[in-house]
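Below: one structure, written as structure tokens.
The values are calculated or read from the model by the stated rules, or taken from the named source; none is laboratory data. Just so it is clear, the structure is predicted and the values come from calculations on it, not from any experiment. Cβ atoms come from the backbone with ideal geometry, glycine included; neighbour counts cover every protein chain shown. The protein model used for the area step is the full one, side chains on, heavy atoms only, and it has no ligands, DNA or RNA in it. Shrake-Rupley method; radii C 1.70, N 1.55, O 1.52, S 1.80 Å.
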Amino acid sequence: MALKEGREQKLAMQKLEVKNITFELTNACNLRCEFCTIWAEREKQILPLSKIIKFVTSDIFQHPFQTVTITGGEVFLYPYLNKLFKSLVALKLKRYLKTIAISSNGYDTKRILAFLNSNSDYLKDVELFISLDGSRNTHNEVRGREDAYEKTLSTIETAAKRFPELKLYVKFTISEDNYQDIETVYEFCKKNRINILFKLLEKS
């Protein structure tokens, strides 16, 4: 009996203590960002749902994870997103993880709001990060579409109003093309009581 307990304790000590994990669900994207070429990849990839769940629940890790982040490409183009999200919610209840984080470019307002509406009962401890990289002209130029700013801003403003339980963040990637807009985006977030995160673009 003592020998068995000793083996179990040894196995427990060998488990990996990982706080945060990120899954790139797909390389499909609906923008043409100048600092990213993922949208140009011809062969589209989709991470199997079963592999994600198997990884999160693996015995090699100490649970719970602090955060499981899902991203892309554009995360809302992942065909099994709704099923994956509900699976992660169930795993959160089983204490495999504490927080679900979703990282998006915010472009497809209709699709994003539909997702939030259908999952409105499960948004506690859910973080949504939406990229906003400057004023209208700057953001559109950086993101490669003439309507990127309008759609992304609509997503941010509507999500902030309709889903107060959601932890909403604006993510601003600083580059030589948009540093002059830092104050503008900061003041927008401050006025609307939205969290903001700054990331410095690393040149290759």
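Taking all protein chains into account, the per residue accessible area for the chain stands at 60 Å² (1.4 Å probe). Here the Karplus relation 6.51 cos²θ - 1.76 cosθ + 1.60, evaluated at θ = phi - 60°, turns the backbone of segment 69-80 into coupling constants of 9, 10, 8, x, x, 10, 4, 7, 8, 6, x, 10 Hz, with x for every Gly and Pro. Axis angle, to the nearest 10 degrees, between helix 109-118 and the longest C-alpha principal axis of the chain: 40 degrees.
Leaving ligands, DNA and RNA out of it, report the carbon-plus-sulfur percent of the accessible area of segment 74-125 at a 1.4 Å probe. Please report the intermediate quantities before stating the final value.
Details: 1220 of 2440 Å².
Carbon and sulfur together cover 50 percent of it.
Residues whose amide H comes within less than 5 Å of that of Thr173, counting only those at least five positions distant or on another chain, are Leu132, Lys199 (H built at 1.01 Å from N in the peptide plane). Pairs to check: Lys44/Lys98; Lys83/Lys110; Lys98/Lys171. Give those whose C-alpha atoms are more than 24 Å from each other in this structure. Check vs 24 Å cut-off fails for Lys44/Lys98. Using a 4.7 Å Cβ-Cβ cutoff, the cysteines of the chain lacking any partner cysteine are Cys29, Cys189. Helix 81-93 sits at what angle to the longest principal axis of the chain, using alpha carbons and giving 0 to 90 degrees rounded to 10? Computed tilt is about 50 degrees.
Could you tell me the ratio Rg/Rh of segment 46-126? Both radii from Cα atoms, Rh via Kirkwood.
Result for segment 46-126 is an Rg/Rh of 0.95.
For the chain, give me the percentage of DSSP beta bridges that are antiparallel, rounded to the nearest 5 percent. Intermediate results must be reported in sequence, preceding the final value.
Details: 1 of 28 bridges.
Looking only at bridges with both residues in the chain, the antiparallel portion is about 5 percent.
Report the label-to-label distance for Arg32 and Arg111 in nanometres (one decimal), using points 7 Å from each Cα along the Cα→Cβ vector. Simple spin-label model gives 1.8 nm for this pair. Sorted into 10 angstrom bins from 0, the C-alpha pair distances of the chain split as 8, 32, 32, 18, 6, 3, 1 percent. Between the amide H of Phe23 and those of Thr69, Ile70, Thr71, distances stay under 5 Å, these residues lying 5 or more places away or on another chain, with hydrogens modeled in the peptide plane. For Gln62, nonlocal amide neighbours, meaning residues 5 or more places apart or on other chains whose placed amide H falls under 5 Å from its own, are Leu16, Glu17, Val18. What the phi angles of segment 188-197 give under the Karplus curve with 6.51, -1.76 and 1.60, with θ = phi - 60°, is a coupling list of 4, 5, 5, 4, 9, 6, 10, 5, 10, 10 Hz, glycine and proline written as x.
Please work out the Cα convex hull volume for segment 125-186 and give it in Å³ per residue. Walk me through the numbers before you get to the answer.
Values: hull volume 4.8 nm³, N = 62.
Here the figure is 77 Å³ per residue.
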